[in-house]
Amino acid sequence: PQHSPFSSDKKLIEAHPTLEKRIYAMSDTYEVTFLMCQAAMPKNKLEPKDIYDFVTLIPNSTIGLIDKQNEGFAYIPIGD
């Protein structure tokens, strides 16, 4: 979206069609689940209509992380 904090990133805009296909393929082919914190959306000026259909919105990332850990998944933080 135009109001996204990434709307002026020319490299990202150029790569967007390819990235979208690859990310969707992970979701569809390999059953990767993408979760997004709904609480952070206003800060990033995003609305549900801005999010891909294959992304599941969760109310809060902390609760989502705890839920996944309780299901047996491990969290591995990735820094810059």
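The values are calculated or read from the model by the stated rules, or taken from the named source; none is laboratory data. Remember, predicted model here, so these are calculated numbers, not experimental data. Cβ sites come from the backbone with ideal geometry, for glycine too, and all protein chains shown count toward neighbours. SASA here: full protein model, heavy atoms, side chains in, ligands and nucleic acids out. Shrake-Rupley method; radii C 1.70, N 1.55, O 1.52, S 1.80 Å.
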Exercise. Angle between the Cα long axis of helix 10-29 and the longest principal axis of the chain, 0 to 90 degrees, nearest 10?
Worked result: 40 degrees
Seminar exercise, completed: Quick calc: nm separation of the 7 Å Cα→Cβ label points for residue 62 and residue 18 -> 3.9 nm
Exercise. At a 1.4 Å probe, what is the % contribution of carbon and sulfur to the accessible area of the chain?
Worked result: 56 percent
Exercise. Which value, in Å², gives the accessible area per residue of the chain when a 1.4 Å probe is used on the protein heavy atoms?
Worked result: 86 Å²
Problem set entry | Point-charge dipole on Cβ atoms (K/R +1, D/E -1) for segment 32-78, about Cα centre, debye to 20 | 160 debye
Exercise. Put +1 on the Cβ of every Lys and Arg and -1 on every Asp and Glu Cβ in the chain; which of 19, 64, 76 then has its Cα farthest towards the positive end of the dipole?
Worked result: 19
Seminar exercise, completed: Here the FRET efficiency for residue 49 versus residue 75, based on Cβ atoms and R0 = 22 Å and rounded to 0.05, is 0.15
